[in-house]
1. Is it the case that some residue within the range 193-207 is more than 18 Å from the chain's Cα centre (by Cα) and more than 15 Å from residue 5 (Cα to Cα)?
2. Test each condition in (1) out of contact with any helix residue (DSSP H, G or I) (no Cβ under 8 Å at 6 or more places or on another chain); (2) at pLDDT 95 or above for residue 87 and report the one that comes out false.
3. Scan 101, 122 and give me the residue that is part of a helix (DSSP H, G or I), touching a strand residue (DSSP E or B) at 6+ places or on another chain (Cβ under 9 Å) and under 27 Å from residue 177 (Cα atoms).
4. Which of (1) touching a residue at least 24 places away in the same chain (Cβ under 8 Å); (2) touching a helix residue (DSSP H, G or I) at 6+ places or on another chain (Cβ under 6 Å); (3) loosely packed, with under 14 Cβ neighbours inside 10 Å is the odd one out, the single condition residue 100 does not satisfy?
5. Tell me which residues, restricted to the range 131-188, are part of a loop (DSSP other than H, G, I, E, B), closer than 20 Å to residue 101 by Cα and touching a strand residue (DSSP E or B) at 6+ places or on another chain (Cβ under 7 Å).
6. Does the range 195-227 hold any residues that are free of Cβ contacts under 8 Å to residues at least 60 places away in the same chain and either in a loop (DSSP other than H, G, I, E, B) or closer than 30 Å to residue 175 by Cα (or both), and which are they?
């Protein structure tokens, strides 16, 4: 079995209030994206890593790799207009069959244990998506400011990686882009697939706002102390 990881790095710095794209911001003196790629490189299955990144950011990424002596092998793939198109470009770059994990570049705290579990479940069931249960109460917004309560025990906050048999995902991505395609699971579900969930990790946060970097740094310090 061959294993692949598509790291999607198309984010901007808008919500981070930064002119630098959030995947390039420093986390413990190293760009966020380097933490993410390193996590997958440490998986015992040794997946081939494909970094899908906007063409106008590729030179900057090369400069960062030189500056920080980052030498983890990875293949550069041109990003698309939407996340959907970026993943599709990544899939086109993979030749042959196997399993592919799609992961957000700005989730740098993913553990190698969860990466391995995702591949193992996908190998057994055809796909695997990670998620966590919400701890807050959840309400659905209706019209005119009215809302209704939802049962949080029936809900999951979806993370990445989202891992699939490559042929399955290729077929799903033949569908034209739709606005409701927010992740790979939604594309696969639209194609008629049942999605298999496993428990994710609270620390597998997505770096979106400035305070997320501070939270991520705390997690990293805690993880180092635990080693």
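The values are calculated or read from the model by the stated rules, or taken from the named source; none is laboratory data. Keep in mind that what you see is a predicted model, and the values were worked out from it rather than measured. So basically every Cβ, Gly included, is an ideal-geometry build from the backbone, and we count neighbours across all protein chains shown.
1. There is at least one residue in the range 193-207 that is more than 18 Å from the chain's Cα centre (by Cα) and more than 15 Å from residue 5 (Cα to Cα).
2. Only one criterion in (1) out of contact with any helix residue (DSSP H, G or I) (no Cβ under 8 Å at 6 or more places or on another chain); (2) at pLDDT 95 or above is unmet by residue 87, namely (1).
3. 122
4. (3)
5. Hits for the range 131-188 are 156, 183.
6. 227
Conditions tested, residue by residue: (1) modelled with pLDDT of 95 or more; (2) under 22 Å from residue 213 (Cα atoms); (3) touching a helix residue (DSSP H, G or I) at 6+ places or on another chain (Cβ under 7 Å).
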| residue | (1), (2), (3) |
| --- | --- |
| 77 | yes, no, yes |
| 93 | yes, no, no |
| 96 | no, no, no |
| 107 | yes, yes, yes |
| 118 | yes, no, no |
| 121 | yes, no, no |
| 124 | yes, no, no |
| 130 | yes, yes, yes |
| 144 | no, no, no |
